[in-house]
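The next block holds one structure in the form of structure tokens; read it before the comments.
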């Protein structure tokens, strides 16, 4: 496995959502005058990372940190407001619907909610066969059926289920069907957006095992979005920690869990409830996550960081490579204070 | 006398397709100041158990058998007025989703004051003072201002703090918390859990914590109750259950956690999924998923066997114990 | 390392009818007496309307078969009745039974055609609004708001009144049936448009639509093959109620003299024509078609209620 | 706030523009003002001269603008039949219609809230089932049929209540004649108001019931029970306040709709209101009167919708009068 070759390169990615409503909603009284004011949610602010071939890059963070937006932008479900996305060296974020089709085959996605990600009006067979037919117009009917059957066996579902509708299955079974749908096109790169967070503990293990097996057998590369750090430790090759639309730290999993550098990563790690320690001893953060509408100046984390100084309040930290192979965006780490 | 004694509790849901038993034969006790965790996956009946203590199961569910004794009183014999005296006053509840729990059209103050006035004869002014004090105890900044705000002006973590403050308003002896942190973010989760733990400890309040997270249970509780398909399958001191679970399901649940396996290795999974309450298999409900399944498991419901400080409902554990006892004699 | 394959018990695909019999819809139908009786009555109405010319003992449109001497005869169980006219006659001497059969035919036809027109306009506008969003959406929905705030009846009354005044009563009588369909059909488009738009918006944000987009399917394919089929249940529910409403609207307009003429009466114009005789004791001219109308509308409303209960999307987790 | 005001104004302008356009084309196409003015006995040249003088040969836009200008000054023409300013004729009949709507609204509010709330709280009781059964029958009977049946029963058969007209009225402020202050007037109001309410009442009962049932299932109501509050406080403060939010929105539109139904009730009861007058005007092709009616009704719609939005904003703390949830 050549782990050094990036399959996906994301550079300075930005995504803003305009939430100011229509023209009339933007008008506000201010100091006796009527002014027009636009409000944006800054979901991603200049995020850059590479995904190496064959690895599983996990993106972690709390809700609202922009991790799902990264996934959806990479998959072309959202148009980026700035920056670029390259796949195998080709820029894909500005392609037309038609030009992007070949990439759709190579890049697939697994969704969070097993109850919403399957079309309730289509049988399992219909759901699985449609993409195969669509992307392989030359394929004969038997070939399509064989392909789908093979994939169904692969993910451990009986092809006899095919005539049934999604509501007849449990959450774990549906998530397997979702994985099967992604695999029907023989992708090389799969984005998984919180694929197990809606499932029960005993089912989570089943789905994670299935994803690891698929990675091995199909030589897949994963971009795995999750809020669950214990899963990351198990599953990820490298981890990217996001906070308020910004990348705080990007490091190999072992390094990150052994020596977290960024204060936010440290707090996040200390907050996982573990079986063994009987007295929680986590780092307390002050206050709450600010709204992504009015971003704090400087480092987005400075309001809650116990080590913040004036520089943190003014200057935005850059992602700086460290000696242990990790990259950290923190003035404190850069200055050697931390 | 234990603070709360639940004995052979049975809850039935009268559905159109026929009656379905959501809880069967559930028994446990909570001592004064004790923290008890009820663990299970969705559909195990843990929330039903929690809500049935205060007789708050929504239709078409009802308590169809068993006893719930609180401070020696049989709650099922109480009139609805007497039950209301206990709710919120002696036993308080914390709900799962703070975004849905507070009434959107009433201010925090209104929702706190009404609770005090429902149980104590005090003026609105006095009630407000108590409410502000409690908000301060849960670390809400500038509570005098916050108290006149509406719920939508607060973040999820803040709202859950307010709900904890409401729970503590009348100095209850028991708090029932139904997945109090599931809807929150990891860092907020840890903070809320710690706050709850701290306040329970300092006020000597008992806690029944419903959760699916074994990590939380191991950190917060002294006793754990594991539920599967509407029954208790194992209960005992939390430490024992986490470190040395006897029931194959509990073992499976703990072993399935990613932290129990080396990174990159295949996780220990329990095959299949929990049966729906309508078609629970005969014998032990876990038998189709159990790797140690024996013939007896498919026919007879296992009773409880003592194992250390724990009670385990498993035929295999019983046989092992019996064998050990024979060898010893 | 292999993943164990879970096996379900029924691997073969049952026939379409067998599958229908297994649906939630069919099960609740067989369990609900009100729904079964309503459906039975509706079928009866539909058959009566369809075969009115075959069933009716007289042709009320044929002046030759009408004798003014037979006017205001009471139904057969009352004194002074003529056995030739089972349910009596109206003020012009037409057989009530026949007139009511033909009236039902016209009322139902106007109701159903108007609803088809509403559905066509509403689905088209609702789909566009929901799918394109943005300015198109806010413009269309503002129009719908304004039109709804005016109420169908108001719009219909004004438009028909103006047309009647402009055309003159005679020409208007010939065109009445088309005008009614047109006016009721156009005036109620916001109901459908809003329903369709709401379900499109709800469906659009579900992950299966994202999944389809990730597959690279075009927006047309996603719209028609993925989203539209999922908006059918609310459409079915409101359609039954809309037919009921359209029939009431038609009757009300006819009652005001803006609908069907007396020579070609709908249930509404029959009631209207009998109104003045109610004081003289000939109650049946008004009451009988009134009952027929109310039962028809009631049956549709009951079916709509039942469908709403059964198809309530909340019942499905999907 | 700005958005709210501007939207409302914008909507009002659109509504009035559509109405004015409609009214103008009615005036332009229906009937011949000349004939109404001078009769048939005038020669063709004189007619042409008169047409020029009256500006009837001007381009469309000029005529339309003149129409709007006059309308803004309150001049909507003279009724052909009454030979009086059309607006005055309509406004004279306005109190009768408004009292009808007011009476019906009163009946609806007084009955729908308790019935809806009761049947939501006790969905299985026989009383709730009866209420729900009656309400579905209620929405299935057209207003005019209810009115006819009411007359037949209470006026013709039982002879308890009068079947037409407003009865005795007394003037209150200025020209406003009210039937609410005399016994005879109230008796006359009873049947028409009840008939008018008959279609809306079941709708409101069903709406309140279904919204209330949904609210009663909500987490915050469950939580209120867990706090040990009294049932009355939970039902009538916690649940009802949330129930009323959607009811206000839908209800506002429905009250506007009721104005349309007054045409039907007024026709059956020969109630001397605007609707009855309007229908007469249509039959007489009295164009200025038709136009005046449309404009007055349009204004009523705009006012009620604005009021409803304002009330909604006041009741719902999460809305800042911008129509958008914060």
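The values are calculated or read from the model by the stated rules, or taken from the named source; none is laboratory data. Small disclaimer: the values here were computed from a predicted structure and weren't measured. Please note: Cβ atoms are built from the backbone with ideal geometry, for glycine as well, and neighbour counts cover all protein chains shown.
Against the numbered list (1) buried (at least 22 other Cβ atoms within 10 Å of the Cβ); (2) under 18 Å from the mean Cα position of the chain (by Cα), residue B:112 comes up short only at (2). Residues that are modelled with pLDDT under 90 and in contact with a strand residue (DSSP E or B) (Cβ under 9 Å, 6 or more places away or on another chain) were ranked within the stretch A:62-75; the one that is nearest to the other protein chains (Cβ to nearest Cβ) is A:62. All but one of (1) crowded, with 23+ Cβ neighbours inside 10 Å; (2) under 30 Å from residue D:133 (Cβ atoms); (3) more than 8 Å from every other protein chain (Cβ to nearest Cβ); (4) under 21 Å from the mean Cα position of the chain (by Cα) hold for residue C:265; which doesn't? Only one criterion is unmet by residue C:265, namely (2). From (1) under 28 Å from the mean Cα position of the chain (by Cα); (2) away from chain D (no Cβ under 14 Å), pick out the condition that doesn't hold for residue B:142. The one condition residue B:142 does not meet is (1).
Screening the stretch D:1-21 for residues that are surrounded by fewer than 17 Cβ atoms within 10 Å (Cβ to Cβ) and within 18 Å of residue C:154 (Cα to Cα) and picking the one that is nearest to the other protein chains (Cβ to nearest Cβ) gives D:14. State yes or no: is residue A:265 within 24 Å of the chain's Cα centre (by Cα) and loosely packed, with under 15 Cβ neighbours inside 10 Å? No; evaluated as a whole, the condition is false for this residue. Scanning the stretch C:288-304 for residues that are at the interface with another protein chain (Cβ under 8 Å from one of its Cβ atoms) and closer than 24 Å to residue D:164 by Cα gives a single hit, C:290. If you go through the stretch C:145-164 and keep only what is within 20 Å of residue D:11 (Cα to Cα) and more than 7 Å from chain D (Cβ to nearest Cβ), you end up with C:145, C:147, C:152, C:155.
Within the stretch D:236-250, is there a residue that is assigned to a loop (DSSP other than H, G, I, E, B) and closer than 30 Å to residue B:177 by Cβ? No. Of the candidates A:298, A:325, the single residue that is more than 14 Å from every other protein chain (Cβ to nearest Cβ), touching a helix residue (DSSP H, G or I) at 6+ places or on another chain (Cβ under 7 Å) and under 30 Å from residue A:16 (Cα atoms) is A:298.
Within the set D:130, D:105, the sole residue that is part of a helix (DSSP H, G or I), modelled with pLDDT of 85 or more and over 21 Å from residue D:247 (Cα atoms) turns out to be D:130.
Does at least one position in the stretch A:94-104 carry a residue that is within 19 Å of residue C:214 (Cα to Cα) and surrounded by 19 or more Cβ atoms within 10 Å (Cβ to Cβ)? Yes: one or more hits. Only one entry of B:147, B:188, B:164 meets the criterion of being within 21 Å of the chain's Cα centre (by Cα) and away from chain A (no Cβ under 14 Å), and that entry is B:164.
If a residue must be within 9 Å of another protein chain (Cβ to nearest Cβ) and surrounded by 23 or more Cβ atoms within 10 Å (Cβ to Cβ), how many such residues does the stretch A:177-198 contain? Quick ask: steps written out before the conclusion?
If we filter the stretch A:177-198 for residues that are within 9 Å of another protein chain (Cβ to nearest Cβ), which is where we start, we get A:178, A:181-182, A:185, A:191, A:193.
Okay, now just the ones that are also surrounded by 23 or more Cβ atoms within 10 Å (Cβ to Cβ), so A:178, A:181-182, A:191, A:193.
Final tally of qualifying residues: 5.
Report, by residue number, each residue of the stretch C:211-232 that is over 17 Å from residue C:194 (Cα atoms) and crowded, with 18+ Cβ neighbours inside 10 Å. Across the stretch C:211-232, the qualifying residues are C:211, C:212, C:213, C:214, C:215, C:216, C:217, C:222, C:226. Cβ-Cβ contacts under 6 Å between residues 6 or more apart (or on different chains), taken from a first residue in the stretch D:148-165 that is closer than 10 Å to residue D:191 by Cα and within 12 Å of another protein chain (Cβ to nearest Cβ) to a second residue that is modelled with pLDDT of 80 or more and surrounded by fewer than 17 Cβ atoms within 10 Å (Cβ to Cβ), are listed as D:164/D:270. Within the stretch B:267-290, the set of residues being in a loop (DSSP other than H, G, I, E, B), more than 12 Å from every other protein chain (Cβ to nearest Cβ) and surrounded by fewer than 20 Cβ atoms within 10 Å (Cβ to Cβ) comprises B:280, B:281, B:282, B:283. Residues that are more than 14 Å from chain C (Cβ to nearest Cβ) and not in a helix (DSSP H, G or I) were ranked within the stretch D:22-49; the one that is modelled with the highest pLDDT is D:43.
Considering the stretch D:166-186, the residues that are surrounded by 18 or more Cβ atoms within 10 Å (Cβ to Cβ) and in a loop (DSSP other than H, G, I, E, B) include one that is farthest from the other protein chains (Cβ to nearest Cβ), namely D:169. Taken over the stretch B:176-195, residues that are in contact with a strand residue (DSSP E or B) (Cβ under 7 Å, 6 or more places away or on another chain) and closer than 19 Å to residue A:273 by Cβ amount to 4. Taking residue C:230, is it over 21 Å from the mean Cα position of the chain (by Cα) and either more than 10 Å from every other protein chain (Cβ to nearest Cβ) or part of a helix (DSSP H, G or I) (or both)? For residue C:230, the condition - over 21 Å from the mean Cα position of the chain (by Cα) and either more than 10 Å from every other protein chain (Cβ to nearest Cβ) or part of a helix (DSSP H, G or I) (or both) - is met. A single entry from C:180, C:175, C:171 fulfils the requirement of being more than 24 Å from the chain's Cα centre (by Cα), in a helix (DSSP H, G or I) and away from chain A (no Cβ under 14 Å): C:171. Residues of the stretch D:295-306 include none that is assigned to a loop (DSSP other than H, G, I, E, B) and farther than 30 Å from residue C:279 by Cα. Can residue A:297 be described as more than 23 Å from the chain's Cα centre (by Cα), surrounded by fewer than 18 Cβ atoms within 10 Å (Cβ to Cβ) and over 30 Å from residue A:81 (Cα atoms)? For residue A:297, the condition - more than 23 Å from the chain's Cα centre (by Cα), surrounded by fewer than 18 Cβ atoms within 10 Å (Cβ to Cβ) and over 30 Å from residue A:81 (Cα atoms) - is not met. The residues of the stretch C:127-142 that are more than 20 Å from residue C:234 (Cβ to Cβ), more than 8 Å from every other protein chain (Cβ to nearest Cβ) and touching a helix residue (DSSP H, G or I) at 6+ places or on another chain (Cβ under 8 Å) amount to a single one, C:136. Applying a threshold of 9 Å to beta carbon distances and a minimum spacing of six or more residues, or different chains, the list of pairs starting in the stretch C:201-221 at a residue that is farther than 17 Å from residue A:100 by Cα and more than 7 Å from chain A (Cβ to nearest Cβ) and ending at one that is in a helix (DSSP H, G or I) and modelled with pLDDT of 90 or more reads C:203/C:209. Kindly indicate whether any position in the stretch A:233-243 is within 23 Å of residue A:331 (Cβ to Cβ), out of contact with any strand residue (DSSP E or B) (no Cβ under 8 Å at 6 or more places or on another chain) and within 11 Å of chain B (Cβ to nearest Cβ). Yes, there is a match, as at least one residue in the stretch A:233-243 is within 23 Å of residue A:331 (Cβ to Cβ), out of contact with any strand residue (DSSP E or B) (no Cβ under 8 Å at 6 or more places or on another chain) and within 11 Å of chain B (Cβ to nearest Cβ). When residue C:183 is tested against (1) modelled with pLDDT of 85 or more; (2) under 30 Å from residue C:209 (Cα atoms), exactly one condition is not met: (2).
Between C:165, C:156, the distinction of being free of Cβ contacts under 8 Å to residues at least 24 places away in the same chain and buried (at least 18 other Cβ atoms within 10 Å of the Cβ) belongs to C:165 only.
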